[in-house]
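The values are calculated or read from the model by the stated rules, or taken from the named source; none is laboratory data. These figures come from a predicted structure and were not determined experimentally. Glycine gets a Cβ as well: all are built from the backbone with ideal geometry, and neighbour counts include every protein chain shown. Note: areas computed on protein heavy atoms with side chains; ligands, DNA, RNA excluded. Shrake-Rupley method; radii C 1.70, N 1.55, O 1.52, S 1.80 Å.
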Amino acid sequence: MKTVYSTRTVRYATRRSKIRKTDVFRMLVLLVGTVAMLYPLLWVVTIALKGSNDIFSTTPDWFPKEFHFENFVKGTEQIHFWRTFGNSIFIAIVSTIGQVASSILVGYGLSRLRFPGRKLWFSCFVGSLMLPGFVGLVPVFHLFSALGWYNTWLPLIVPAYFGNPTFTFLFIQFLGTIPKSFDEAAKMDGAGDRQILWRILVPMAMPVVITIIIFSFNGAWNQYLEPLIYVVDQSKWTLSVALASFASNWTTQWNYFMAADLIYMLPMLIVFFLGQKYFMQGLGSVNSAGLK
């Protein structure tokens, strides 16, 4: 018995040592990835707090000799920051509402309703994910110009209300994890498709809905090509275009640019941290659902 006990002890100790080595290796990989991701951000913060004479010093240092917090004020003044900030906030919020609502409606129809050609439409949605966005750039530009939408925000907002293939696919995959018995029970109580969707399925699918909101807001907030093409009037510029014009001058004051860039990142960081819990749940649930 002593021999058996000692053998089990050795096996248990060996297993624990292997687990510890695996955990150490995992932590090292995560540490390297964290440093690689935080290094550019920390460098941006350092440049934003430096004076104009310390930016291009021959010996770059992480800690500025003097903290110039006035860079945040001067950087926002040079590009009418808060006006373009308001434009971007408005476009991002309205576009996010459209993309989330339309993607939920289309996803519910393709997932729960039965109609001729449903699998064909689903295949078209999945296939459209493989097409780059600039494929239809020229014909869409001619369409919006013919409608008189050039130099307006409509080309940036209206397409969001026609569904997004990626978000629709995410919602369909998440609905695959919800049993259809909930739908059947609601129908027995006299509920229609609209009530089943908005009162039963959407609250249950809130993790993936929050995930869609985060992705949608991020895409609308950071979009650069469409505002650059369709919006000419500087009073209607988005913040991404304004910051690009800031950096394209003959002499770029990088401390002012980095200070404005930090403020530009704040809304996206706030949205992510507010929905971080649901974001991870949504991605995990969709991953465990498999391709349906």
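In the set (1) surrounded by fewer than 11 Cβ atoms within 10 Å (Cβ to Cβ); (2) of a type in the set (D, E, K, R); (3) at pLDDT 75 or above, the condition left unmet by K18 is number (3). Only one of the listed residues (S111, S103) is polar (S, T, N, Q), part of a helix (DSSP H, G or I), buried (at least 16 other Cβ atoms within 10 Å of the Cβ) and within 23 Å of the chain's Cα centre (by Cα). That residue is S103. Residue pairs whose Cβ atoms lie under 9 Å apart, sitting 6 or more positions apart in sequence or on different chains, and linking a residue in the range 263-280 that is closer than 22 Å to E77 by Cα to a partner that is of a type in the set (S, T, N, Q) and open to solvent by less than 100 Å² (accessible area, probe 1.4 Å), are I263/T76; Y264/S88; Y264/S240; P267/S88; M268/N218; M268/N222. Among the residues making up the range 137-154, a single one is under 20 Å from N87 (Cα atoms) and of a type in the set (A, V, I, L, M): L154. Scan the range 220-241 for residues that are open to solvent by 40 Å² or more (accessible area, probe 1.4 Å) and assigned to a helix (DSSP H, G or I) and the total you get is 8. The condition (being more than 30 Å from G192 (Cα to Cα) and within 19 Å of the chain's Cα centre (by Cα)) is satisfied by just one residue among G148, G98, G127, G133: G133. Considering the range 151-177 alone, what residues qualify as being among the hydrophobic types (A, V, I, L, M, F, W, C) and open to solvent by less than 60 Å² (accessible area, probe 1.4 Å)? Across the range 151-177, the qualifying residues are L156, I157, V158, A160, F167, F169, L170, F171, I172, F174, L175. Evaluating L175 against the criteria (1) more than 15 Å from the chain's Cα centre (by Cα); (2) closer than 26 Å to V140 by Cβ; (3) not aromatic (F, W, Y) leaves one unmet condition, (2).
Among the residues of the range 51-63, those identified as open to solvent by 60 Å² or more (accessible area, probe 1.4 Å), at pLDDT 70 or above and not polar (S, T, N, Q) are F56, W62, F63. Under the condition of being among the basic types (K, R) and open to solvent by 80 Å² or more (accessible area, probe 1.4 Å), the residues counted in the range 21-50 number 2. The residue pairs whose first member lies in the range 142-169 and is over 22 Å from I212 (Cα atoms), whose second member is in a loop (DSSP other than H, G, I, E, B) and open to solvent by 50 Å² or more (accessible area, probe 1.4 Å), and whose beta carbons are closer than 7 Å, counting only pairs six or more residues apart or on different chains, are F144/Y150; N151/V232; N151/D233. Candidates A220, A244, A259: the one that is free of Cβ contacts under 8 Å to residues at least 24 places away in the same chain and of a type in the set (G, A, S) is A244.
So how many residues does the range 252-281 have that are closer than 30 Å to K65 by Cα, open to solvent by less than 60 Å² (accessible area, probe 1.4 Å) and either in contact with a strand residue (DSSP E or B) (Cβ under 9 Å, 6 or more places away or on another chain) or not in a helix (DSSP H, G or I) (or both)? Qualifying residue count for the region: 1. Number of residues in the range 178-208 that are under 30 Å from G133 (Cα atoms) and either open to solvent by 40 Å² or more (accessible area, probe 1.4 Å) or of a type in the set (D, E) (or both) equals 1.
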